[in-house]
């Protein structure tokens, strides 16, 4: 039996890798750049999710052979003009500090009647330093005024997806992974790879 083909996720975020691995199943051996010390840090200088995802996928695929998948994703809040958007992970002033990010979001949303928001995910597949395809997924929902739930990460405790009463942090991975923005983009990735890998 042939070994599963390798899919390298262009991230060092273990949460993101685990989420993608759980969704993609055993069709691929899913690794991330933490397994490859030779991989450079890719600076996310883009102003859109697609630009940032492309920078990461192309940059890592210049160093590692095989399929490289990157994603850039974040939260878009209508009452904040689409913020935090591409700056979701540093919204609170410190990169990757979920507590600060959530605290700032709650401050910014004080007194706002429009609570509509969405998580958006853009994924890019690359090989040999060039983009092969890109995919996008969104999940609509609303921002609540108090964090609820201990599962998930990032803004999950403040986001209630459309059609549900619980936050992503209360729903847990099993439910979240069927309806999240990342799941919706990844479904397209899996379909693409099934015909091309």
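Counting only helices (runs of 4 or more DSSP H) that fall entirely inside the range 90-197 and contain at least 2 residues that are more than 16 Å from the chain's Cα centre (by Cα) and at pLDDT 95 or above, the qualifying elements are 98-109.
When 189, 175, 139, 160 are checked against the criterion of being under 30 Å from residue 65 (Cβ atoms) and surrounded by 15 or more Cβ atoms within 10 Å (Cβ to Cβ), a single residue qualifies: 189. Filtered by the rule that a residue be touching a strand residue (DSSP E or B) at 6+ places or on another chain (Cβ under 8 Å), more than 14 Å from residue 48 (Cβ to Cβ) and surrounded by fewer than 18 Cβ atoms within 10 Å (Cβ to Cβ), the range 66-82 gives 66, 78, 79. Scanning the range 22-48 for residues that are in a helix (DSSP H, G or I) and surrounded by fewer than 17 Cβ atoms within 10 Å (Cβ to Cβ), we see that the one that is farthest from the chain's Cα centre (by Cα) is 35.
Within the span defined as the range 73-80, one or more residues are under 26 Å from residue 130 (Cβ atoms) and in a strand (DSSP E or B).
Taking first residues from the range 94-118 that are more than 22 Å from residue 72 (Cα to Cα) and partners that are at pLDDT 95 or above and surrounded by 13 or more Cβ atoms within 10 Å (Cβ to Cβ), the Cβ contacts under 6 Å between residues at least 6 apart in sequence or on separate chains come to 108/80; 109/143; 112/79; 114/78; 114/79; 115/142; 115/143.
Taken together, 19, 51 contain a single residue that is assigned to a helix (DSSP H, G or I) and in contact (Cβ under 8 Å) with a residue 60 or more places away in the chain, which is 19.
The values are calculated or read from the model by the stated rules, or taken from the named source; none is laboratory data. Note that this is a predicted model, so its numbers are computed, not measured. Note that each Cβ is placed from the backbone with ideal geometry, even for glycine, and that neighbours are counted across all protein chains shown.
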